[in-house]
1. Based on what the data block shows, is residue A:5 open to solvent by 50 Å² or more (accessible area, probe 1.4 Å) and in contact with a strand residue (DSSP E or B) (Cβ under 7 Å, 6 or more places away or on another chain)?
2. Has region B:69-84 got at least one residue that is within 14 Å of chain A (Cβ to nearest Cβ) and crowded, with 19+ Cβ neighbours inside 10 Å?
3. Which one is farthest from residue B:103 (Cα to Cα) among residues in region A:32-48 that are of a type outside the set (Phe, Trp, Tyr) and at pLDDT 95 or above?
4. State whether one or more residues within region A:19-37 are outside any strand (DSSP E or B), within 25 Å of residue A:108 (Cβ to Cβ) and open to solvent by 50 Å² or more (accessible area, probe 1.4 Å).
5. Yes or no: region A:11-20 includes at least one residue that is within 13 Å of chain B (Cβ to nearest Cβ) and at pLDDT 95 or above.
6. Can you pull out every residue in region B:36-50 that is touching a residue at least 40 places away in the same chain (Cβ under 8 Å) and under 22 Å from residue A:107 (Cα atoms)?
7. Identify all residues within region A:38-94 that are open to solvent by less than 20 Å² (accessible area, probe 1.4 Å), free of Cβ contacts under 8 Å to residues at least 24 places away in the same chain and part of a strand (DSSP E or B); write none if there are none.
8. If you go through region B:88-106 one residue at a time, how many are open to solvent by less than 50 Å² (accessible area, probe 1.4 Å), at pLDDT below 95 and either part of a helix (DSSP H, G or I) or more than 9 Å from every other protein chain (Cβ to nearest Cβ) (or both)?
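The values are calculated or read from the model by the stated rules, or taken from the named source; none is laboratory data. No experiment lies behind these values; they were computed from the predicted model shown. Reconstructed Cβ throughout: ideal geometry from the backbone, glycine too, with neighbour counts over all protein chains shown. Please note that ligands, DNA and RNA were not included when accessible areas were found on the heavy atoms of the full protein model with its side chains. Shrake-Rupley method; radii C 1.70, N 1.55, O 1.52, S 1.80 Å.
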Amino acid sequence: DGGITQSPKYLFRKEGQNVTLSCEQNLNHDAMYWYRQDPGQGLRLIYYSQIVNDFQKGDIAEGYSVSREKKESFPLTVTSAQKNPTAFYLCASRAQNIQYFGAGTRLSVL
Amino acid sequence: GNSVTQMEGPVTLSEEAFLTINCTYTATGYPSLFWYVQYPGEGLQLLLKATKADDKGSNKGFEATYRKETTSFHLEKGSVQVSDSAVYFCALYSNTGFQKLVFGTGTRLLVSP
């Protein structure tokens, strides 16, 4: 089955720790996205990548980093500089003007 | 800039009631419009879309019509089911400048038996 796989489903971060969220897609899409979702709010764009080896900051990139070394993979690192990381993180890929989403990773702080 | 405004929830309905969730937008150019649905603990799924004025998107009994004159894309369903309980997001995709989805804040729908 084609789709977007995010892992892990739940993740806990200790203070001062960097954590990496995985996003893999087998849809052969060039563009990929990371969003953050907080309770009662819409989705906010963290980073996006339109092609391999290229990515740009979204609206709330501070405290996050990404890489795009392979078309299939777009991992997101939540660094210790992100002081309020508790949220639901969603990865997406795009074909034409439709975005397809993974099931999300819920990140909490210990 | 581009923006989407949705009615605040939760919207609470009994099974078989009529549903309307309002959505209005502000955008330059001619955006594509979408409704996404999010079930508890899951990612977003595309529910329906419309790409030009007067288009009607439909899926699973849900409908929305792209109204350029009122800049609206209201979601409707004639008879809701308990299984429709979810959060619904209206979104637009601008074809000018950087192409990204702009989301509304979401509307939670609760359907009781």
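1. When the stated conditions are applied, residue A:5 passes them.
2. no
3. Here the residue is A:32.
4. The answer is no; no qualifying residue exists.
5. no
6. B:37, B:38, B:39, B:40, B:44
7. A:45
8. The qualifying residues number 2.
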